[in-house]
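Below is one structure, written out as structure tokens; the observations come after it.
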Amino acid sequence: MASSEEDGSAEDKENNKKKTKRPFVTAWLTIYNIVMTAGWMVLAVAMIRFYIQKGTHKGLYKSISRTLKFFQTFALLEIFHCAFGMVRTSVIVTGVQVCSRIFMVWFVTHSIKQIQNEESVLLFLVAWTVTEITRYSFYTFSLLNHLPYFIKWARYNLFIVLYPVGVAGELLTIYAALPYVRKSGMLSVRLPNKYNVSFDYYICLIIVMLSYIPLFPQLFFHMLRQRRKVLHGEVMVEKED
Amino acid sequence: MKHYEVEILCAKTKDKLCFLDKVDPNSTIGEIKAMFHRSHPQWYPARQSIRLDAKGKSLKDEDILQNLPVGTTATLYFRDLGAQISWVTVFLTEYGGPLLLYLMFYFRVPFIYNTKYDFTTSKHWVVHLACMCHSFHYVKRLLETLFVHRFSHGTMPLRNIFKNCTYYWGFSAWMAYYINHPLYTPPAYGEQQVQLALIIFLFCQIGNFSIHIALRNLRPPGSKARKIPYPTKNPFTWLFLLVSCPNYTYEVGSWVGFTLMTQCLPVAFFTLVGFIQMMIWAKGKHRSYLKEFRDYPRLRSPILPFML
């Protein structure tokens, strides 16, 4: 679903504390976030170039799929950052968010080739790219203790548009994939078998789609609350000056 | 005897909720909760959390007013724990569901499987055995809830019952669906596998029950005392030498036995999830034993001897 969003204000304080106590952790996280910012920027540039040269989105996914898979899979590291206490976010929240991205990339667009040229794929790719560039550069600048206001503004405002757009792209893509899954019976197991289990990938995808209903509003309103806290807090400081 | 005055404030808003005067210094927090309940009938004692500090830990019902670090005018803070439900109610609902649901699948009630199988029974005797074991397990749990267990807390938050029932009912329906399915495949190693599995299952059921009895006997009726459990004359309790929570160890063992008996992947999955949850609980219990008792036996591990 959406990108992994952390509590900006608390995280900034934590980063300051960490800087004095754990130089290696900070160095690693800075490098990681720079690399990820660069990776998603490469993706953005590749997508723009393709569209300008070819004038169509057909074939675009195929041209960037290897880069996308690499950087999105690499993001699994963020789960370890949380698990080892390097970053102060819930492992479960990060895990769910990263896994939903991995699911989308590997179990939908990679596995079901017929939907790769759908417009909905472009929709979520654009949303993800803009979100990730903003997010990773936010983390990078925070770690370097020099956060330009426009990046903070972007992180806490762009999501209002990007989040629903991304979700729409993802849901439409899964929906488009359903008939192909039904026909091929992929990733499914039927009875009878030695382990007395069955799995229907088609039903699984439907359940995934339904799970957006409770999950999306929760994550969206969490970000809205963060936004109010971070940007509202900013205003109060200025008044005191 | 000098009487106390007790002021109860809301922990979040610091509003004055209640003022009690002429309070006996020997009153317990439980009695103060009862008094507070009288002025605010919607907050029955079980859903009150009374603390000395707005963000502090809850005081126990047994704590006595004059032994607390307060002056003769005590200020206490109240937090609403939300609607509460008794542990007994939760357990009965949690365990009654799986018992009934499994039987519905066993008897192949309509709308589950293909209509031609309605009200038929499986031709595999292991399926009948599995039904008996599963039912026995949950009947045992229900009876233990009613007659054996002694609960430290009377209640838990209401939302727990939805969470817990989803877990128990969901998993038991999922397992029962496959075990009682017309296309069920019996265990690969046949009779031997089932017999071994049954022995493991029964051994662990008796073990689990023995531990529950031993834990009950640690605590006299009506008491909330906490003591270190030790092995008794019953050999099944000798696992206490190696493990802090042998009831969980035996529980995992029972489900391992059931998995082997049915050779069903959903059962294996249920066993794994249960094990992870019980391991977390066992680690917590082990840690609190270590904290509370200085002479706690060092040889014991939380749930698996020498391992976890």
Checklist entry - When the Cα atoms of region B:1-147 are enclosed in a convex hull and the volume is divided per residue, what value in Å³ results? => result 169
Checklist entry - Normalised by the number of residues in region A:154-241, what is the relative contact order in percent for Cα pairs under 8 Å and 6+ residues apart? => result 28
Next on the checklist: Could you tell me the calculated FRET efficiency between B:SER223 and B:TYR44, based on Cβ-Cβ distance and R0 = 25 angstrom, to the nearest 0.05?
Outcome noted: 0.60
Next on the checklist: Compute the angle between helix B:265-292 and the longest alpha-carbon principal axis of chain B, please, reported from 0 to 90 degrees and rounded to the nearest 10.
Outcome noted: 30
Item to check | Debye, to nearest 20: dipole size of the protein assembly as shown, +1 on Lys, Arg Cβ, -1 on Asp, Glu Cβ | outcome: 700
Item to check | Under 5 Å, built H, 5+ apart or other chain: amide partners of B:THR75 | outcome: B:GLU7
Next on the checklist: Cα atoms only: what Rg and Dmax, in Å, come out for chain B?
Outcome noted: 24.3, 81
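May I ask which of A:LYS194/B:LYS123; B:LYS57/B:LYS227; B:LYS14/B:LYS291; A:LYS58/A:LYS152; B:LYS16/B:LYS55 have a Cα-Cα span longer than 28 Å here?
Going by Cα-Cα distance, B:LYS14/B:LYS291; A:LYS58/A:LYS152 fall outside the 28 Å limit.
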Checklist outcome for this item: Expected unfolding gain across B:LEU304-B:THR75 under the 0.36 nm per residue rule, minus the alpha-carbon gap, is 77.8 nm
Checklist outcome for this item: Correct semi-axes for region A:122-241, from √(5λ) of the alpha-carbon gyration tensor and rounded to whole Å with the largest first, are 42, 15, 14
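Work out how much length B:ASP21 to B:GLU7 would gain on full extension: take 0.36 nm times their residue separation and subtract the Cα-Cα distance, in nm to one decimal.
On the way: separation 14, 0.36 × 14 = 5.04 nm, distance 0.85 nm.
Separation in residues times 0.36 nm, less the Cα-Cα distance, equals 4.2 nm.
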Checklist outcome for this item: Computed ³J(HN,Hα) along region B:90-96: with the Karplus parameters 6.51/-1.76/1.60, θ = phi - 60°, integer Hz and x for glycine or proline, the list is 4, 4, 4, 5, 4, 8, x
Checklist outcome for this item: Taking alpha-carbon centroids only, region A:19-95 lies from region B:119-156 a number of Å equal to 49
Next on the checklist: With +1 on the Cβ of every Lys and Arg and -1 on the Cβ of every Asp and Glu, and nothing else charged, how large is the dipole of chain B about its Cα centre, in debye rounded to the nearest 20?
Outcome noted: 500
Checklist entry - So what is Rg over Rh here for region B:234-308, counting just Cα atoms and using Kirkwood for Rh? => result 1.05
Checklist outcome for this item: Per the charge dipole of chain B (beta-carbon charges, Lys/Arg positive, Asp/Glu negative, Cα centre), the residue among B:ALA34, B:PHE293, B:PHE147 reaching farthest to the positive end is B:PHE293
Checklist outcome for this item: For region B:123-139, in residue order, the Karplus 3J(HN,Hα) values (coefficients 6.51, -1.76, 1.60; θ = phi - 60°; whole Hz; Gly and Pro = x) are 8, 8, 5, 5, 5, 5, 4, 4, 4, 5, 5, 4, 5, 4, 4, 6, 5
Checklist entry - Just the Cα atoms of the protein assembly as shown, one point each, no solvent: what log10 I(q)/I(0) does Debye give at q = 0.05, 0.07, 0.11 Å⁻¹? => result -0.31, -0.62, -1.27
Checklist entry - Size of the dipole of region A:58-180 about the Cα centre, Lys and Arg at +1 and Asp and Glu at -1 on the beta carbon, nothing else charged, in debye to 20? => result 200
Checklist outcome for this item: Diffing region B:63-75: the Karplus 3J(HN,Hα) column from phi (6.51, -1.76, 1.60, θ = phi - 60°), in whole Hz with x for Gly and Pro, holds 4, 9, 4, 6, 7, 8, x, 10, x, 6, 10, 8, 10
Checklist entry - How many angstrom separate the Cα center of region B:64-79 from the Cα center of region A:133-150? => result 48
Checklist outcome for this item: Taking every residue of A:193-204, the Cβ atoms of other protein chains inside 10 Å of its Cβ average out to 4
Item to check | Mean-position separation - Cα centroids, region B:4-20 and region B:211-262, in angstrom | outcome: 43
Checklist entry - What percent antiparallel are the DSSP beta bridges of region B:1-106, to the nearest 5? => result 60
Checklist outcome for this item: Computed on Cα atoms only, the convex hull of region B:169-308 has an orientation-averaged projected area in nm² of 10.1
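No value in this document is a laboratory result; all are computed from the given coordinates. Computed from a predicted structure; not experimentally measured. Heads up, the Cβs are rebuilt from the backbone with ideal geometry, glycines too, and the neighbour counts pull from every protein chain shown.
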